[in-house]
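The values are calculated or read from the model by the stated rules, or taken from the named source; none is laboratory data. Keep in mind that what you see is a predicted model, and the values were worked out from it rather than measured. We place every Cβ from the backbone using ideal geometry, glycine too, and count neighbours over all the protein chains shown.
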């Protein structure tokens, strides 16, 4: 029996896919089809796959051509699969000519002519493009605009800022540059907001009432009741409101969450997160303090792993002597029924900005800067059992966040990696901190 193997993403399954599978089937007696996993597709640059792995597997299965379907998950797997299944022929589309010649050492390699005029990438591009407007004055807008170029189906249309001089690099990049928020909303389908948190509520509400989708940098607002109102409004109007926090979308952090939930370190007892940096310039009147800048990032693993129903919390902070609304350092201790957590954030103090998650069987160590890591370690009492995990990080997680935002809009389903109840819990603490409620100050 002659065995044939081929691989593909098979997103938005079309007659080109069917044609290739039929040709592959004709090469032998038994056809094995490898469907690439979402995480492996990311490493290959395919970051706007529209369908889940199971949906893509079902599409291949429905053709009746595959005798066996496997999942491709890592680089080098093709060689492993060829050996494991005693494959005689490897085949793939002619757009990969020469790429897999190295497999001739293990089996015969055939490149099949692709069906002209159709591809999943083209189908995704042909969908109505989402026009996004940028809102704010942060240099992070440059990163967001750059990452949008890697995602099919989305483009940055223009920018609104109350101080365009702070982001001169953007002025020649976009079709529309305006100091009128209303004008921007007239020209776009969605907005990405990274203004000062005090402006978020009005900007989000205005956008939703104008029929626009919203991706807003964390925190959503500075008041939990306002956050609840906005999520309710978005649901009622059937528009997407997502919190932007690139950490949640970085591959390593997402895999870390799944491993912990699988019980790899037992029951989580403690979460310690630190985010610190030193001031580079003098403090300005509208600068974000340590907690506004870093708090939502540090709170994310606490609430995602331990939940939002803590019993007690203690806030200790130190404000700048000349700017009493700018905290140089803030620490929050959480007490849960059977766990504890501690976060430290600072713009005026430097320490190891790592993340440590302790459990009953072991612990996970994520080195600094943990919020954009591509690597972490699972450690045990016996160091021989320790294991290191490495994941590719493209665009600091921003492009994966954009993909989730776009997918949520296109499918009318929520693909956010951050539950709205966590967003609300973060803003509740923001409000209490802003009001200096139960906050102890270090002089």
- prompt: Is it fair to say residue 195 is assigned by TED's automatic domain parsing to the domain that holds residue 154 and closer than 29 Å to residue 344 by Cβ?
  reply: yes
statement: Output for Cβ contacts, cut-off 6 Å, separation at least six or different chains, first residue assigned by TED's automatic domain parsing to the domain that holds residue 74 and more than 17 Å from residue 63 (Cβ to Cβ) in the stretch 21-47, second modelled with pLDDT of 65 or more and part of a helix (DSSP H, G or I), reads 37/53; 38/53; 47/399; 47/403
- line: When every residue in the stretch 120-140 that is at pLDDT below 85 and not in a loop (DSSP other than H, G, I, E, B) is compared, the one surrounded by the most Cβ atoms within 10 Å (Cβ to Cβ) is 120
Residues that are assigned to a helix (DSSP H, G or I), touching a helix residue (DSSP H, G or I) at 6+ places or on another chain (Cβ under 9 Å) and more than 16 Å from residue 424 (Cα to Cα), drawn from the stretch 174-201: 181, 182, 185
task: Select, from 302, 345, 297, the only residue that is touching a strand residue (DSSP E or B) at 6+ places or on another chain (Cβ under 8 Å), buried (at least 22 other Cβ atoms within 10 Å of the Cβ) and free of Cβ contacts under 8 Å to residues at least 60 places away in the same chain.
output: 302
task: Just give me the residues in the stretch 386-443 being under 21 Å from residue 143 (Cα atoms), assigned to a helix (DSSP H, G or I) and in contact with a strand residue (DSSP E or B) (Cβ under 8 Å, 6 or more places away or on another chain), in sequence order.
output: 401, 402, 404, 405, 406
message: So, residue 86, is that one closer than 19 Å to residue 112 by Cβ and either modelled with pLDDT of 85 or more or surrounded by fewer than 20 Cβ atoms within 10 Å (Cβ to Cβ) (or both) or not?
response: no
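Matching residues to (1) assigned by TED's automatic domain parsing to the domain that holds residue 326; (2) surrounded by fewer than 21 Cβ atoms within 10 Å (Cβ to Cβ); (3) touching a helix residue (DSSP H, G or I) at 6+ places or on another chain (Cβ under 8 Å):
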site: 354; (1), (2), (3): yes, yes, yes
site: 373; (1), (2), (3): yes, no, yes
site: 377; (1), (2), (3): yes, yes, no
site: 388; (1), (2), (3): yes, yes, no
site: 397; (1), (2), (3): no, no, yes
site: 406; (1), (2), (3): no, no, no
site: 412; (1), (2), (3): no, yes, no
site: 424; (1), (2), (3): no, no, yes
site: 438; (1), (2), (3): no, yes, yes
query: Checking residue 269 against (1) surrounded by 22 or more Cβ atoms within 10 Å (Cβ to Cβ); (2) in a strand (DSSP E or B), which test does it fail?
result: (1)
task: Would you be able to tell me the number of residues in the stretch 337-357 that are within 9 Å of residue 268 (Cβ to Cβ) and within 24 Å of the chain's Cα centre (by Cα)?
output: 1
query: What tally of residues in the stretch 62-83 results from selecting those that are surrounded by fewer than 14 Cβ atoms within 10 Å (Cβ to Cβ) and part of a helix (DSSP H, G or I)?
result: 3
message: I'd like to verify a number: residues in the stretch 235-246 that are within 21 Å of the chain's Cα centre (by Cα) and either outside any helix (DSSP H, G or I) or at pLDDT 95 or above (or both), how many?
response: 7
- prompt: Is one or more of the residues making up the stretch 29-44 assigned to a loop (DSSP other than H, G, I, E, B) and modelled with pLDDT of 90 or more?
  reply: yes
